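Report on the structure given below.
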Amino acid sequence: RHVPARLLKADKKLARAAEQEAAAHRALMERAAKQMPRIEKVKAGLASLRGLDQARALVAEARSVELDAGLTSPALASLGWPTEKLAQLERVMAADEKLRVLARLKNQAPGGKLPRAELDRARK
């Protein structure tokens, strides 16, 4: 005799959960729609990339979009977010920074030669 009451209660919980899920999905889609111009700008910037200075600015903008959008990685991926290309750019920029450090150290070293310990430390 308590089964119908329990089923009714379970149905109400299920309906409430479905409403919450729908509301969360609507909010997600609204956030995505607001960020679409910025997402498209990043994607277009990648297509017309011309140098490391432009790459630095583009990666900074991309990270800003990721933080501001509040979207999950799968949601960004569904919008065509260039995750792998941005990661590649970050690796190139990190390598460039290491080369800059080595060049600066070399210019500061007597005779323009770096001690082995400095070279090893800069390679890490």
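General remarks:
- Taken as a whole, region 60-72 holds no residue that is among the basic types (Lys, Arg), open to solvent by 40 Å² or more (accessible area, probe 1.4 Å) and modelled with pLDDT under 85.
- Condition met for Ala27 (at pLDDT below 90, touching a Leu at 6+ places or on another chain (Cβ under 8 Å) and closer than 20 Å to Leu79 by Cβ): no
Here's the yes/no breakdown for (1) more than 30 Å from Arg100 (Cα to Cα); (2) part of a helix (DSSP H, G or I); (3) open to solvent by less than 80 Å² (accessible area, probe 1.4 Å):
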site: Arg31; (1), (2), (3): yes, yes, no
site: Lys41; (1), (2), (3): no, yes, no
site: Leu46; (1), (2), (3): no, yes, yes
site: Pro74; (1), (2), (3): yes, yes, no
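The values are calculated or read from the model by the stated rules, or taken from the named source; none is laboratory data. A quick note: this is a predicted structure, and the numbers were derived from the prediction, not measured. Please note: Cβ atoms are built from the backbone with ideal geometry, for glycine as well, and neighbour counts cover all protein chains shown. The protein model used for the area step is the full one, side chains on, heavy atoms only, and it has no ligands, DNA or RNA in it. Shrake-Rupley method; radii C 1.70, N 1.55, O 1.52, S 1.80 Å.
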